[in-house]
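Read the structure below first, then the notes.
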Amino acid sequence: MTKKFAPLLLAWYAEHARQIPWREQPEPYRVWVSEIMLQQTRVDTVVPYFQRWMERYPTVSTLAASPEQEVLQLWEGLGYYSRARNLRRAAGIVMEQYQGRLPDSVELLRKLPGIGRYTAGAIASIAFGKDEAALDGNIRRVLSRLFDVSLPARSKEGETLLWSLAKENLPPGKAGEYNQALMDLGAMVCLPRNPLCEQCPLRSLCKAYQSGNQAERPVKVARGPVPHYIVTAAVIWENERVLITQRPEKGLLGGLWEFPGGKLEQGENLSEALRREILEELGVEIIVGASMGVYRHAYTHFKVTLHAFRCEKTTGVLQRLAVRDFRWVQPGELETFPMGKIDRQIASRILASL
């Protein structure tokens, strides 16, 4: 199949490849940053972030020397913030152990924080010309249809088969172009829904197209209902300043700043939940006042509806019981602290109300 599949794919890519910044200068550091940003994120979303990143951190050394909070602030809005923290950590390792040069082997790349099997293969092939396969969502979909794979694509058996197909059909010496061509074909033609089969250069070889199964490929594993949580947040004022807290380093939105609060537990109303959370996190009592809005957001594995309230501290001394840090800040300073999407919306509402 290689002799039929790869030449057709590469010929199509030579004519239709997407023009994106990291391809203009495919240096290892730029390829690495782009691949981390592209994890679970669309190209059109990534491009402006990549450009700003390269202006601020043009080299591994500038990234390694940067403060974590600055990195998180630059990343704000891109989501999956552990990617930013891992990039910074890995840059430090590259400076200390590899004299500032990203290693060129899959084995060494995978030892760096945030680099898994797919990302290592993509970097090794695109940046270093290594004959390494890659398997992202787009490639997984293209291969599932091209070979009419009936196994669930995300199952252990399905992953094993798709990796094998990606490797078997890799043209020696052209792995970088091959991997990027598969990515582009999946993004531009072999779409998740309503694929543009009539425009596909591999249509004559596609087994799913021939059998009419393209809508059923890749096979997905049925998921259960997505959990939905009710959450509260306190906008606590004192002397014209507002209280923000820093989330623990590990976990969801690690290291970002927020308006303190937490999940509603069974049998509680919103005010009771918020008072309990603030006492558990900060060791103080509060009075819950007027609503500051209702905010909704969907994360990867769950959804939240957050109720924010204007509050006042009554008794107790602030303590770091379940927060990494806390600050009293002027409203105009809020934009200098990296925040998740909902907390940024609350901050914007505070500024708009002044």
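Laboratory data are not the source of any read-out in this text; all were calculated from the coordinates shown. The structure displayed is predicted, hence computed values, not measured ones. Because the Cβ atoms are built from the backbone with ideal geometry, glycine has one as well, and the counts that use them run over all protein chains shown.
The table below lists the values:
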read-out: Charge dipole magnitude, Cβ of K and R +1, D and E -1 - segment 228-353, Cα centre, debye nearest 20; value: 360
read-out: Tilt relative to the chain, helix 82-97 - C-alpha long axis, 0 to 90 degrees, to 10; value: 70
read-out: Cβ-based charge dipole, segment 2-216, positive-most Cα from Ser164, Ala124, Pro195; value: Ser164
read-out: For segment 14-166, the fraction of alpha-carbon pairs in successive 10 Å shells from zero, as %; value: 10, 38, 35, 14, 2
read-out: Under 13 Å, Cβ to Cβ, from Ala352 - net charge with Lys/Arg +1 and Asp/Glu -1; value: +1
read-out: Sparse-neighbourhood loop sites, trypsin sites (Lys or Arg not before Pro) in segment 1-63 - DSSP loop, at most 14 other Cβ within 10 angstrom; value: Arg18, Arg42
read-out: Convex hull projection area averaged over all views, segment 215-266, Cα basis, nm²; value: 7.0
read-out: Three principal axis lengths of the chain [C-alpha, angstrom, descending]; value: 75, 48, 34
read-out: Lysines with Cα under 30 Å of Lys156, excluding same-chain neighbours fewer than 8 positions away; value: Lys3, Lys4, Lys111, Lys130, Lys167, Lys174, Lys207, Lys220, Lys250, Lys303
read-out: Cα-centre dipole for the chain with unit charges at Cβ (Lys and Arg positive, Asp and Glu negative), debye to 20; value: 920
read-out: Net charge, Glu277 excluded, C-beta distance under 11 Å - Lys, Arg +1, Asp, Glu -1; value: -2
read-out: Gaussian network model of the chain, Cα within-10 Å springs - most flexible of Gly77, Gly332, Gly255; value: Gly332
read-out: Compactness of segment 228-353 as Cα Rg over 2.2 N^0.38 Å, two decimals; value: 0.97
read-out: Top of Ile244, Ile36, Ile230 by mean-square fluctuation, Gaussian network on the chain, Cα under 10 Å; value: Ile230
read-out: The chain: angle of helix 28-37 to the longest principal axis, Cα-based, in degrees nearest 10; value: 60
read-out: For segment 160-248, with +1 on Lys and Arg beta carbons and -1 on Asp and Glu, the positive-most of Pro248, Asn213, Asn179 along the dipole; value: Asn213
read-out: Normalised convex hull volume, segment 159-209, alpha-carbon set, Å³ per residue; value: 99
